[in-house]
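S.K.: Can you keep this structure in mind? I'll have questions shortly.
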Amino acid sequence: MGVYEAGVNGTDGTATATTCSCWNTSMRCWCRWRWENHQQQQQQHNVLRQRLVSLVFSSGFTFFLGYLVLYGSIGMFYAWLMFSKPYLRSTNAGVGLKSLGCQEDNEGSWSIGVFYGDSPFSLKPIEAMNEWRDEGAAWPIANPVVTCASLSDAGFPSNFVADPFLYVQGDTLFLFYETKNSITSQGDIGVAKSIDKGATWQQLGIALDEDWHLSYPYVFNYLGQIYMMPESSQKGELRLYRALNFPLQWTLDKVLIKNPLVDSFIINRAGEYWLFGSDHSGVGTRKNGQLEIWYSSSPLGPWKPHKKNPIYNVDKSVGARNGGRPFVYDGNLYRVGQDCGETYGRRVRIFKVEVLTKDDYKEVEVPLGFEESNKGPNAWNGARYHHLDVQQLSSGKWIAVMDGDRVPSGDPVHRFILGSASFAAVTVVVVVLGVLLGAVKCIIPLNWCAHFSGKRNNALLGRERLNLFSSKVRRFCSRLNRVPLSVRGKIKPNTWAGKLVLAVIFAVGIALMCAGVKYFYGGNGAEEAYPLNGSYSQFTLLTMTYDARLWNLKMYVRHYSRCSSVKEIIVVWNKGIPPRSSDLDSTVPVRIRVEDQNSLNNRFKKDPMIKTRAVLELDDDIMMSCDDIERGFNVWRQHPDRIVGFYPRLVRGSPLKYRDDKYARRHESYNMILTGAAFIDRTLAFERYWSSEAKAGRELVDRYFNCEDVLLNYLYANASSSQTVEYVRPTWVIDTSKFTGVAISKNTNVHYEIRSNCLLKFSDIYGSIAGRKWEFNGRKDGWDL
């Protein structure tokens, strides 16, 4: 027992000693491995630190950073020049500064317009009907009549309004529409009321607000009850609401169909009720290209599916998805569909229903006769229109509401992608310039391409031998770094050809930087009209020219016809063979009025064919932005009894002397506005100019062939003791006559001398205006002048 225990104890002792020895050896190996690994990591960190320091202080990096700063400065200057406004929008010029509405939205900037016609196929916008109102509204009313600003200014922040439906009660129109809440980013149903056939609208508020998205508020009457069937696809069902207190209080009446239908309507035809809608939730369903039909003996259901469902499951451009209320004309039923081919809601299409039974359905497309705008983003519906509700009034005339958008769907994302690509291209341009100038020796340093350049152990070397990626990367870097030498060998910066290449590449970089800035900070590129009290209007553009200035005229018409509020362009042709209207690239009608006598008085000649109250007298050699034009029009609408323009003059001194705008700016005041770029009231201005009191002044204008604008200022001042002129500061102005050499007043000194004589003679006839003057900063409506 004792020997056994000793042996056992001895054995145990030997085993313990051996185990301790192995454990100590493993610990020493593990500690050594940890120490070597720590040293390797330290070496790697030191190498990376050295590379970073060498990069920061390298000539190539300094060149790269310097040129990026240079291009960035150019981009900031471009942004300041083009996108910063030298004025503030007042609450009359748009949404108030405190409003949360009208935020840029990826779904678009939809608004709503009103149209009239003798039939559903002869619809014209409200501005074509020449609707006039008192001084509290526009002259004439122009589309759009309901916008996000309309609702936001009424206290209901909205990003856009769309999907309009009319409900007619006698002479009162109710407009139901989708409004995207700016705070919740959810679709609600808004409602407005009009008592003047849609010219102006009173915003009543939100008619329906649920916890899910609502749109397409199809409103109809059944057995004396008013129902609304909005899209509730997010809820997964088609719900029918009944009015408790029309138009703002509604209650859920019933769920019609347990399917997530979109853009649905109900129509009574041939003794049956038919429900049209699209279900995009099914497998294999083509979004915006699917249409289904149900039928019932009552709009309250129950509903049975059509035998041929789905009626359509085709391309989204066909017009399968509904785009508004169906209508009956001459006994025929027409369905409104939307073409979503180019972008969502690109346009509406009209289909004549030829067969509608429980077993069959057939329809054919017919033209709507709607003329699309060619003004691009400057038009409220220049990019797309996807919803139409047309109804016949008790008078027999037809009225319609249609939504429209100036930009395609997803425009903000599209601009972000293009802007990012432009900035990325600028960095490439900087690298190319660095290569050509020798500041960038290599594209990628070779020591960046190795995993580890320090001491390696056998295990690490073995793993690197097995992995050939590092060597392949180094070979690629070596080949890439040969490019600068090859490029510099072919393009030598010291030669004229090399300098030209550098200049071109540098200019390309500037263009790319400006393009990137425009995509990021320039918005959707639209130069929109400015509403006054929620209403828009239009004006007539009038210019006077002759055959030697045809090049100016073509550029003039092409540019200004695309301004949002321009209704028509009138060309007063004083001399030579006039061009044809078809020779001019215009998006609005151009009327060439040929005069018998070459007289500057023709500028203010009475013209009963002018259909707007406002006329913009604008010389054919003046180019300025549409935004400046729209801004000046908004100011004139607030002061229609004044001459509102962009060229101020200050008449003073003894004797009176005509001076340029620099003199007026130096004295910070003005008392005259040149009508070479000014808004006037056509009736007020033309009648004053052709009155018997102005006869002597007109004779002087013909004698000097000058001073017609000076005469109009005297006539205005002579008729009123209050302010008669108003200055609007333009962002930029270009005189195109300097590029053609056909300026009417080539000798400035002689021109100014003649005008000084006009001042003296007009003062003798009509009284001096030297005692009048207004300061540039004297306005109280928020414009920074």
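The values are calculated or read from the model by the stated rules, or taken from the named source; none is laboratory data. Not measured: the values here are computed from a predicted model. Don't worry about glycine lacking a Cβ; one is built from the backbone with ideal geometry, like all the others, and counts go over all protein chains shown. Surface accessibility is based on the protein's heavy atoms, side chains included, excluding ligands, DNA and RNA. Shrake-Rupley method; radii C 1.70, N 1.55, O 1.52, S 1.80 Å.
S.K.: Identify, by number, the condition in (1) in contact (Cβ under 8 Å) with a residue 24 or more places away in the chain; (2) surrounded by fewer than 20 Cβ atoms within 10 Å (Cβ to Cβ) that ILE569 doesn't meet.
M.R.: (2)
S.K.: Let me confirm something: among LYS254, LYS258, LYS197, LYS287, which residue is touching a His at 6+ places or on another chain (Cβ under 9 Å) and of a type outside the set (A, V, I, L, M)?
M.R.: That would be LYS287, the only listed residue that is touching a His at 6+ places or on another chain (Cβ under 9 Å) and of a type outside the set (A, V, I, L, M).
S.K.: Another one. Considering ARG347, ARG384, which residue is more than 23 Å from ILE311 (Cα to Cα), of a type in the set (D, E, K, R) and at pLDDT 95 or above?
M.R.: Of the residues listed, the single one that is more than 23 Å from ILE311 (Cα to Cα), of a type in the set (D, E, K, R) and at pLDDT 95 or above is ARG384.
S.K.: On to the next question. Does any residue in the stretch 312-332 that is in the same structural domain as ILE399 (by the TED database) and assigned to a strand (DSSP E or B) come within less than 8 Å, Cβ to Cβ, of a residue that is at pLDDT below 95 and among the hydroxyl-bearing types (Ser, Thr, Tyr) six or more places away or on a different chain, and which pairs are these?
M.R.: ASN313/THR285
S.K.: Just wondering, is there one or more residues in the stretch 681-696 that are in contact with a strand residue (DSSP E or B) (Cβ under 6 Å, 6 or more places away or on another chain) and more than 21 Å from GLN597 (Cα to Cα)?
M.R.: So in the stretch 681-696, the residues in contact with a strand residue (DSSP E or B) (Cβ under 6 Å, 6 or more places away or on another chain) come out as 682.
Filter once more, keeping what is more than 21 Å from GLN597 (Cα to Cα): 682.
So far as the stretch 681-696 goes, yes, one or more of its residues are in contact with a strand residue (DSSP E or B) (Cβ under 6 Å, 6 or more places away or on another chain) and more than 21 Å from GLN597 (Cα to Cα).
S.K.: I would also like to ask the following. Can you report the number of residues in the stretch 495-523 which are closer than 22 Å to ASP628 by Cβ, assigned to a helix (DSSP H, G or I) and either touching a Pro at 6+ places or on another chain (Cβ under 7 Å) or at pLDDT below 90 (or both)?
M.R.: We begin by selecting, within the stretch 495-523, every residue closer than 22 Å to ASP628 by Cβ; these are 514, 517-518, 521-523.
Then drop every residue that is not assigned to a helix (DSSP H, G or I), which leaves 514, 517-518, 521.
From what is left, the residues that are either touching a Pro at 6+ places or on another chain (Cβ under 7 Å) or at pLDDT below 90 (or both) are 521.
Count: 1.
S.K.: Just the residues that are surrounded by 13 or more Cβ atoms within 10 Å (Cβ to Cβ) and in contact (Cβ under 8 Å) with a residue 24 or more places away in the chain, please, taken from the stretch 253-267.
M.R.: ASP253, LEU256, ILE257, PRO260, LEU261, VAL262, ASP263, SER264, PHE265, ILE266, ILE267, listed by residue number.
S.K.: Determine which single condition MET544 fails, assuming it passes every other condition in (1) free of Cβ contacts under 8 Å to residues at least 60 places away in the same chain; (2) under 19 Å from ALA678 (Cβ atoms).
M.R.: So MET544 meets the others, but not (1).
S.K.: Please enumerate the residues belonging to the stretch 524-564 that are part of a loop (DSSP other than H, G, I, E, B), more than 16 Å from ASP620 (Cβ to Cβ) and among the hydroxyl-bearing types (Ser, Thr, Tyr).
M.R.: TYR530, SER537, SER564
S.K.: Go through (1) at pLDDT 95 or above; (2) in contact with an Asp or Glu (Cβ under 6 Å, 6 or more places away or on another chain); (3) open to solvent by less than 60 Å² (accessible area, probe 1.4 Å) for ARG242 and report which single condition fails.
M.R.: Unmet for ARG242, out of (1) at pLDDT 95 or above; (2) in contact with an Asp or Glu (Cβ under 6 Å, 6 or more places away or on another chain); (3) open to solvent by less than 60 Å² (accessible area, probe 1.4 Å): (3).
S.K.: When you scan the stretch 721-770, how many residues do you find that are in contact with a strand residue (DSSP E or B) (Cβ under 6 Å, 6 or more places away or on another chain), modelled with pLDDT of 90 or more and among the hydroxyl-bearing types (Ser, Thr, Tyr)?
M.R.: The number of residues fulfilling the criteria is 2.
S.K.: Provide a single number: the residues in the stretch 358-404 that are acidic (Asp, Glu), open to solvent by less than 40 Å² (accessible area, probe 1.4 Å) and either farther than 25 Å from PHE176 by Cα or not in a strand (DSSP E or B) (or both). Walk me through how you get there before you give the answer.
M.R.: So the first thing to find is which residues in the stretch 358-404 are acidic (Asp, Glu), and the list is 359-360, 363, 365, 371-372, 389, 403.
Filter again for open to solvent by less than 40 Å² (accessible area, probe 1.4 Å), leaving 360, 363, 389, 403.
Applying the additional criterion that residues be either farther than 25 Å from PHE176 by Cα or not in a strand (DSSP E or B) (or both) yields 360, 363.
So the count comes out to 2.
S.K.: Kindly provide the set of residues from the stretch 202-238 that are over 30 Å from the mean Cα position of the chain (by Cα) and buried (at least 21 other Cβ atoms within 10 Å of the Cβ), ordered by number.
M.R.: VAL219, MET228, MET229, LEU238
S.K.: Does SER150 satisfy the condition of being small (Gly, Ala, Ser) and modelled with pLDDT of 95 or more?
M.R.: Spelling it out, it is not the case that SER150 is small (Gly, Ala, Ser) and modelled with pLDDT of 95 or more.
S.K.: Another one. Please find, within the stretch 108-131, the residue that is most open to solvent (accessible area, probe 1.4 Å) out of those that are assigned to a loop (DSSP other than H, G, I, E, B) and of a type in the set (D, E, K, R).
M.R.: ASP118
S.K.: A further question on this structure: If you check PHE165, PHE220, PHE156, which single one turns out to be assigned by the TED database to the domain that holds TRP250, closer than 28 Å to GLY382 by Cα and out of contact with any Leu (no Cβ under 8 Å at 6 or more places or on another chain)?
M.R.: PHE156
S.K.: Now for a separate question. On the given criteria, is TYR241 of a type outside the set (D, E, K, R) and more than 34 Å from the chain's Cα centre (by Cα)?
M.R.: When the stated conditions are applied, TYR241 passes them.
S.K.: On to the next question. For the stretch 177-192, state whether one or more residues are open to solvent by less than 20 Å² (accessible area, probe 1.4 Å), more than 26 Å from GLY337 (Cα to Cα) and either touching a residue at least 40 places away in the same chain (Cβ under 8 Å) or assigned to a loop (DSSP other than H, G, I, E, B) (or both). Before the answer, list the steps.
M.R.: Initial filter on the stretch 177-192 (open to solvent by less than 20 Å² (accessible area, probe 1.4 Å)): 177-179, 182, 187-192.
With the extra rule that they be more than 26 Å from GLY337 (Cα to Cα), the set shrinks to 182.
Retained after the next criterion (residues that are either touching a residue at least 40 places away in the same chain (Cβ under 8 Å) or assigned to a loop (DSSP other than H, G, I, E, B) (or both)): 182.
Yes, there is a match, as at least one residue in the stretch 177-192 is open to solvent by less than 20 Å² (accessible area, probe 1.4 Å), more than 26 Å from GLY337 (Cα to Cα) and either touching a residue at least 40 places away in the same chain (Cβ under 8 Å) or assigned to a loop (DSSP other than H, G, I, E, B) (or both).
S.K.: Checking ALA199 against (1) in a loop (DSSP other than H, G, I, E, B); (2) open to solvent by less than 30 Å² (accessible area, probe 1.4 Å); (3) touching a strand residue (DSSP E or B) at 6+ places or on another chain (Cβ under 7 Å), which test does it fail?
M.R.: Looking at each condition in turn, ALA199 falls short on (3).
S.K.: Starting from the stretch 647-675, take each residue that is farther than 17 Å from ASP709 by Cα and list its partners that are of a type in the set (Asp, Glu), counting only C-beta distances under 9 angstrom and pairs at least six apart or across chains.
M.R.: Final answer for the pair search is GLU668/GLU775; SER669/GLU775.
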